[in-house]
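Chemist: Submitted below is the structure of interest, expressed as structure tokens.
The values are calculated or read from the model by the stated rules, or taken from the named source; none is laboratory data. Because the structure is a prediction, the values reported are computed rather than measured. When we count neighbours, we look across all protein chains shown, and the Cβ atoms used for this are built from the backbone with ideal geometry, even at glycine.
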Amino acid sequence: MDLKNILAILTVTTLGGALATTASAAEETKDSNGVASFETGDLTLDFVSSFDFGNHPISKNDEIYSAAAQQLDDGRTVPNYAQVTDLRGTGNGWRLNVQQQSQFIATKDGKELEGAQIQFENGVVTSESTNAPQDVTQSVNLTPGVSEKIVMANENEGTGTWVYGLGDDSTKEESVHLAVPGKSFKAADSYKTILTWALLDAPEN
């Protein structure tokens, strides 16, 4: 076979390949849909810490006692905290209040620990969500019978799970205090009070 014939065969083969490729490039397309739906959830107060101010000698001086940090099931300690979850999907906001129901009362004789006061410091909110409540109480002195605002999530704030913590890892042992006047009578007894945390389903002014 001479060179002219070889070139002719190669040329035909190449052109045939190109024609086949062009024909196979034609395609038909259709669209499909991706759909996800969500159902409204709940607004819940998931957890609130109780405060243990410890056991101390009776003192004639003004004293301030700090509450122990919150201990978790695995033995670790974290700042005392309250946890709120908002899965309603409305963005309506919410409000968290706390009220000390009465003065500290002695277990045995029911007498008050006069002048005792619970003090919160270093309050901060944390979450993996990004729409953080902006109205957060950093510090407050509780008065028995008076409700105090702790966190207020305004419209489109506070969705997901949020923790109001008192202190961080370095201040978790010194962010909740009990101030007791030296002049107050103190029995050799345990004193207790109740804090009521209230979660309201919309912010208030």
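Chemist: For residues that are surrounded by 10 or more Cβ atoms within 10 Å (Cβ to Cβ) and assigned to a loop (DSSP other than H, G, I, E, B), scanning just the range 24-49, find the one that is nearest to the chain's Cα centre (by Cα).
Modeler: The qualifying residue nearest to the chain's Cα centre (by Cα) is SER49.
Chemist: Then there is this: Among the listed residues LEU43, LEU87, which satisfies the condition of being touching a strand residue (DSSP E or B) at 6+ places or on another chain (Cβ under 7 Å) and either under 25 Å from LEU195 (Cα atoms) or at pLDDT 95 or above (or both)?
Modeler: LEU43
Chemist: Only one of (1) surrounded by fewer than 17 Cβ atoms within 10 Å (Cβ to Cβ); (2) more than 30 Å from ASP201 (Cα to Cα) is not met by THR90, so which one is it?
Modeler: Exception for THR90: condition (2).
Every residue, every condition in (1) hydroxyl-bearing (Ser, Thr, Tyr); (2) free of Cβ contacts under 8 Å to residues at least 60 places away in the same chain; (3) within 19 Å of THR159 (Cα to Cα), yes or no:
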| position | (1), (2), (3) |
| --- | --- |
| ARG76 | no, yes, no |
| PHE104 | no, no, no |
| ALA116 | no, no, no |
| VAL125 | no, yes, yes |
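Chemist: Return the pairs, sorted by first residue and then second, in which the second residue is part of a loop (DSSP other than H, G, I, E, B) and small (Gly, Ala, Ser), the first residue lies in the range 152-177 and is closer than 13 Å to VAL124 by Cα and free of Cβ contacts under 8 Å to residues at least 60 places away in the same chain, the beta carbons are less than 9 Å apart, and the residues are 6+ apart or on different chains.
Modeler: Within 9 Å, the pairs are MET152/GLY93; MET152/GLY158.
Chemist: Can you name every residue in the range 95-124 that is in contact with a Lys or Arg (Cβ under 9 Å, 6 or more places away or on another chain) and farther than 20 Å from VAL140 by Cα?
Modeler: ILE105, ALA106, THR107
Chemist: Exactly one of (1) in contact with a Pro (Cβ under 8 Å, 6 or more places away or on another chain); (2) over 23 Å from PHE47 (Cβ atoms) is unmet by GLY145. Its number?
Modeler: Evaluating GLY145 over (1) in contact with a Pro (Cβ under 8 Å, 6 or more places away or on another chain); (2) over 23 Å from PHE47 (Cβ atoms) leaves (1) as the failure.
Chemist: Among the residues in the range 79-90, are any small (Gly, Ala, Ser), more than 29 Å from ALA188 (Cα to Cα) and not in a strand (DSSP E or B)?
Modeler: Looking through the range 79-90, at least one residue is small (Gly, Ala, Ser), more than 29 Å from ALA188 (Cα to Cα) and not in a strand (DSSP E or B).
For (1) hydroxyl-bearing (Ser, Thr, Tyr); (2) assigned to a loop (DSSP other than H, G, I, E, B); (3) within 30 Å of THR44 (Cβ to Cβ), each residue gets a yes or a no:
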| position | (1), (2), (3) |
| --- | --- |
| THR130 | yes, yes, yes |
| VAL163 | no, no, yes |
| GLU174 | no, yes, yes |
| HIS177 | no, no, yes |
| LYS183 | no, yes, no |
